[in-house]
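The values are calculated or read from the model by the stated rules, or taken from the named source; none is laboratory data. Everything numeric in this text was worked out from a predicted model, so none of it was measured. A quick note on method: Cβ atoms are made from the backbone with ideal geometry, for glycine too, and the neighbour counts reach across all protein chains shown.
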Amino acid sequence: MKVNAIAIRYARALIKLMGTDDVVVKQNMEVFKSLNSLFEIKEATDILKSPVMPLKLKADLLALAFKKTQTAPAFTRFIDVILSSQRVQLIPEIFLAYKQQMDVHHNILHAHITFSGQVKEEHERELKSQLERLFRKKVEVSKSINPDLLGGYVVKIGHYLLDSSLKTKIETLINNAAAVQEHT
């Protein structure tokens, strides 16, 4: 998901305000998750995104999310700025931008690997290790299964796509054979 430039600026401001200490980051992530959960409730989302709803009502709603977590005063002030700037609707994007900025800071990449079927854990670990060596970063992996691949796997990291599926190899062979026949 592409993140709004304004959300990125807010995320960077939060990092400057609170730093990158692991304990602080973990605490901030928990607060963001709690705030984000409000946006999963239609009625709460309608209130938070509405330009005509009173700021006090929005502040009270956000305060409910703060009660579930241990919130640093600086983070509360940060949310107050977002609220007073009428940017509450950006909280989910700011959360995503914050996570992305922390991943950059901690040298972490996210890879999604689609396998053709069940794979041994040993094979997954080896593939993850190869990706970490290739990109020289820590790689966090999510995975899925797509039997249409016929065999092999497809790795997606950001804009990079590594397709090592049997389906693609067969399609390439067919296309190459067709190209050779056209030229003979």
Please give the number of the condition GLY117 fails out of (1) at pLDDT 95 or above; (2) in contact with a helix residue (DSSP H, G or I) (Cβ under 9 Å, 6 or more places away or on another chain). (1)
Test ALA97 against the stated conditions and say whether it is over 30 Å from LEU61 (Cβ atoms) and hydrophobic (A, V, I, L, M, F, W, C). no
Can you tell me which of ALA74, ALA97, ALA65 is under 30 Å from ILE41 (Cβ atoms), outside any strand (DSSP E or B) and in contact (Cβ under 8 Å) with a residue 60 or more places away in the chain? ALA97
Step by step: first the residues of the stretch 152-168, then only those that are of a type in the set (D, E, K, R) and part of a strand (DSSP E or B), then the one that is modelled with the lowest pLDDT. Which residue is that? ASP163
Would you point out the residue of the stretch 113-135, among those that are of a type in the set (D, E, K, R) and touching a residue at least 12 places away in the same chain (Cβ under 8 Å), that is surrounded by the fewest Cβ atoms within 10 Å (Cβ to Cβ)? GLU124
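Every residue, every condition in (1) modelled with pLDDT of 90 or more; (2) buried (at least 18 other Cβ atoms within 10 Å of the Cβ), yes or no:
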| residue | (1), (2) |
| --- | --- |
| LYS2 | no, no |
| ALA11 | yes, yes |
| LYS58 | yes, yes |
| PHE66 | no, no |
| ASP80 | yes, no |
| ILE91 | yes, yes |
Return yes when VAL154 is surrounded by 12 or more Cβ atoms within 10 Å (Cβ to Cβ) and touching a helix residue (DSSP H, G or I) at 6+ places or on another chain (Cβ under 7 Å) and no when it is not. no
Only one residue in GLU132, GLU171 is at pLDDT 95 or above and of a type in the set (Asp, Glu). Which one? GLU132
Suppose we filter LEU173, LEU162, LEU166 for residues that are farther than 17 Å from ASP103 by Cβ, without any contact (Cβ under 8 Å) to a residue 40 or more places away in the chain and surrounded by 11 or more Cβ atoms within 10 Å (Cβ to Cβ); which single one remains? LEU162
